[in-house]
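The values are calculated or read from the model by the stated rules, or taken from the named source; none is laboratory data. This one's a predicted model, so the numbers in the text were calculated from it and none came from an experiment. Don't worry about glycine lacking a Cβ; one is built from the backbone with ideal geometry, like all the others, and counts go over all protein chains shown. Ligands, DNA and RNA are excluded from the accessible area calculation, which covers all protein heavy atoms including side chains. Shrake-Rupley method; radii C 1.70, N 1.55, O 1.52, S 1.80 Å.
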Amino acid sequence: MLRMIRFELKKICSDSVVIGSIAVLLLICFLILQAYCFGSSAASAITPDGTRLSGREAIAFHQSIAEKYAGDFTDDTIAEMVSDFSAAYPAEYAKMTEGGSVSSWLPSSYLYLAMFIPPANYDEIAQDALAEGTSIPPLTEDGLVSIRDYGAAYADKPLQYGYGDSWAYFFMGFCGQTIAIAFPALIVIIIAVSAVFASEYSAKMDALILIARHGKNRLILAKLLAAMIFATGIIGGLFILFSIAFGLQYGAVGWNADMQTNLGLSLMGVNLPLNNLQLILFGFGIVWSAGIFTAAVTAMISAVSKTPFSSLIVSFAVFMAPWMIRRLLPEGALRDLLLVFPANAVNAAEVLRLPVSAASIYYDQPLAPALCIAFAAVVAVLIAGTLAYRAFKDHQAAG
Amino acid sequence: MQLTLDRLTKQYGDKTALDRIDAVFRPGIYGLLGANGAGKTTLMRLVCDILKPTSGEVAFNGTNIRDLGERYRSVIGYLPQDFGYYPNFTAMNFLLYMASLKGLNAGYAKKKSLELLETFGLFAVKDKKIKTFSGGMKRRLGIAQTLLNNPQILILDEPTAGLDPKERVKFRSLLRSFAEDKIVILSTHIVTDVEYIADEILVIKGGTLLKKGAESTILQEIAGKVWECRAAGQEAERLETRFAVCSRKRENGEAVLRIVSDEKPCAAAVSAAPCLEDLYLYYFQREV
Ligand SMILES: Nc1ncnc2c1ncn2[C@@H]1O[C@H](COP(=O)(O)OP(=O)(O)OP(=O)(O)O)[C@@H](O)[C@H]1O
Ligand SMILES: [Mg+2]
């Protein structure tokens, strides 16, 4: 069995189209790493006296500021940050209070403080709200917006703050948005797996395989497993590449800070107790589920196609359809359900954020979308796997 | 050991490729003879269980092969008429791959593969990619592959196509030594191959089995129907258009024609001893 799987993997990996697509994927990976890891704003900084830093120096600077506030993340921490910020960078602070944009080179701990600084006309807004019979939450004694207003996740236990830039960029570059490495990775999986069965038909190897002792049982399993292993290898490989790049550039500082305090990610309202390290592992899990799903469905299409090319076209269409439909649909249950399809699921940030929205069917069930995705992947593997198995077994080698 | 075809029928849409074939195979070498499109390949695929019969069944030792499944597959070897190989595999890897599909353990697979490469004169190129092989080399690799699992039933669809005369002779003697106690079914257009190796001959025409039996028995059929005529000019042309001519040569400005015909083609015709080629022409004259 192992030998068969090895041969199937060898077949997949010696296909020049697959090699080419992996090369393109690595190029995209390199570009994303360039943008998110080596050239991100986390690798540039400006000190209070106006000195511009870059590279390691800048990273160390950001990390040293973040470390000052490491620990419980409370309204007091925020007040301390705001006051430090206003003292060190008065001009930038002034811009922020006026609602203007600030330099992205500021210490990352200060970059998102605007969300805690009330607008100048806060009193007026409060009075207007009162007049209309509603109320808006009161400010803290330091005159800031309380973190309590951003979600219920931290009612009993304070969140942990720590350096988060590198984790945020890792997550964004890997799976935190549509344009992340996960999407092209799935396309490479489609390209490779779409040939798994169909290439045997077009190469006229089907007859030889099907008369062999294991040709109608174990070999099919070996092919399906090889497809899954390939998918896992691609996604795992990219994850390892990312880990190495980010590890070398940023180290592991801040791994145990809560993802909610990683303000650049806008995950404050997400009611899941994950730290930064767990967040990227969660992202990996989601992308892996999507990869397995994609591999299984593509293998099934491959088993019922005549040529690798038609299999590739159909697989690609089937992969993209839920993505397109979801973009056309208005918000609603169907749109939320389409999230389980790989092309949509790879956006792990959305998987986390959906339950925060009151309109969503996942509302207040922070784990529900992830569980649905995992469940869908298991169902896809079982059903598509069975169908592929039957299709190849009963294939009529009629020439 | 016995392989039985029972009213085996295969239809593609409304085209009947094989029509109620009945036959029994016991150990020995069987040659399938038939024109292009006669149904030889279809018959072999049905016997290999990679094509579902429209009706009828193939039974091995009394059990339908569809029910035997893996147990049947582990005792057959099959060489398809044409197949792809994997151009990027080496000859050795190709055999090892087939061996893994046939469930041979790794050590035995390696030993057997090397042995077969040696037998088929491919040892020197065992680590070369198949895409660099000539047609005959691929054919030999294809035949080698069928023998990996030491099959009880060997099905070869045009095994000698593309082999040069020397390799054909080698193949025949190899097959002879291998076929001891085995059922070997092969098809070919090269009548002499069948003549030399087959114990029994099956003549298929338009999907039906016309004849099955030893060469001498079958030839009885056309005994007295093979003629040799000497004719000149117009007379020779007339004979060629009216009768199935197996061969013609020139002797002393006259044409010597070998003709298969139920009736005596011309007054001067003399009867000749039939051979398989005559038989072939007798049955397929309108198609060849
Ligand atoms: N997949 C198919 N669909 C439709 N018709 C087919 C198919 N395969 C074969 N046929 C038809 O069935 C008949 C028998 O074909 P088969 O390939 O068995 O002939 P053959 O005796 O092997 O011929 P050849 O000597 O050319 O190899 C032919 O008329 C062919 O056109
Ligand atoms: Mg044929």
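Couple of notes before you dig in:
- If you run the Gaussian network model on chain A, springs between alpha carbon atoms under 10 Å, then out of A:Ala290, A:Ala23, A:Ala227 the most flexible one is A:Ala23.
- Links that overshoot a 21 Å alpha carbon limit, given the list B:Lys15/B:Lys225; B:Lys112/B:Lys182; A:Lys204/A:Lys393; A:Lys393/B:Lys102; A:Lys393/B:Lys10; B:Lys10/B:Lys40: B:Lys15/B:Lys225
- Dipole magnitude of chain A about its Cα centre (Cβ charges: Lys, Arg +1; Asp, Glu -1), debye to nearest 20: 3240 debye
- With DNA, RNA and ligands ignored, accessible area of A:Trp105 (1.4 Å probe; Å², nearest 10): 80 Å²
- Magnitude of the charge dipole, the protein assembly as shown, Cβ model with Lys/Arg +1 and Asp/Glu -1, debye to 20: 4280 debye
- Taking both sides together, the accessible area buried where B meets A is about 2900 Å² for a 1.4 Å probe.
- Backbone geometry of segment B:268-280 corresponds, through the Karplus equation with coefficients 6.51, -1.76 and 1.60 at θ = phi - 60°, to 3J(HN,Hα) couplings of 7, 5, 10, 5, 10, 6, x, 10, 4, 4, 4, 4, 4 Hz, x marking Gly and Pro.
- Of A:Ser104, B:Ser177, the residue with the largest accessible area leads and the full order is B:Ser177, A:Ser104 (1.4 Å probe).
- For segment B:222-287, the percent of C-alpha pairs falling in each 5 Å distance bin, counted from 0 to the bin holding the largest distance, reads 4, 20, 32, 26, 14, 4, 0.
- Inter-chain Cβ neighbour average for residues A:7-15, partner chain, 10 Å: 3
- Hydrodynamic radius (Kirkwood) for the protein assembly as shown, which is based on Cα pairs only, to one decimal in Å: 30.9 Å
- In sequence order, calculated HN-Hα J values of segment A:68-80 (Karplus, 6.51, -1.76, 1.60; Hz; x Gly/Pro): 4, 9, 4, x, 4, 9, 10, 4, 5, 4, 5, 4, 5
- Carbon + sulfur, % of accessible area of the protein assembly as shown - ligands and nucleic acids excluded, 1.4 Å: 58 percent
- Angle in degrees between helix A:182-193 and the longest Cα principal axis of chain A, rounded to the nearest 10: 0 degrees
- Rolling a 1.4 Å probe over the protein heavy atoms gives chain A an accessible area of 43 Å² per residue.
- Kirkwood Rh (inverse of mean 1/r, distinct Cα pairs), chain A, angstrom: 23.4 Å
- Calculated [222 nm] ellipticity per residue, helices only, for chain A: -19000 deg cm²/dmol; basis is -39500 (n - 2.57) per DSSP H run with n ≥ 4, divided by all residues, nearest 500.
- Chain B, helix-only ellipticity at 222 nm - DSSP H runs n ≥ 4, -39,500 (n - 2.57), divided by all residues, nearest 500: -10000 deg cm²/dmol
- Nearest-20 debye value, segment A:75-157 charge dipole, Cβ charges on Lys, Arg, Asp, Glu: 300 debye
- Compactness ratio for segment A:315-391: Cα radius of gyration over 2.2 N^0.38 Å (N = residue count) comes to 1.17.
- Choice from B:Glu228, B:Glu215, B:Glu254 showing the highest fluctuation, given a GNM over chain B with Cα pairs closer than 10 Å: B:Glu254
- Total formal charge among the other residues, if their Cβ is under 14 angstrom from that of B:Ile155, Lys/Arg +1 and Asp/Glu -1: +1
- Between the residues A:Pro308, A:Pro330, A:Ala358, the greatest Cα displacement towards the positive end of the dipole of segment A:236-377, with unit charges on the Cβ of Lys, Arg, Asp and Glu, is found for A:Pro308.
- Under 14 Å from the Cα of A:Lys216 - aspartates and glutamates, other chains or at least 8 residues apart: A:Glu200, A:Asp206, A:Asp394, B:Asp49, B:Asp67, B:Glu70
- Accessible-area ranking of A:Ser101, A:Ser357, largest first, probe 1.4 Å: A:Ser101, A:Ser357
- Close amide H contacts of B:Tyr12 (hydrogens built in the peptide plane, cut-off under 5 Å, sequence separation of 5 or more or a different chain): B:Ala17.
- For A:Trp255, A:Trp167, A:Trp323, the ranking by accessible surface with the largest value first comes to A:Trp255, A:Trp323, A:Trp167, using a 1.4 Å probe.
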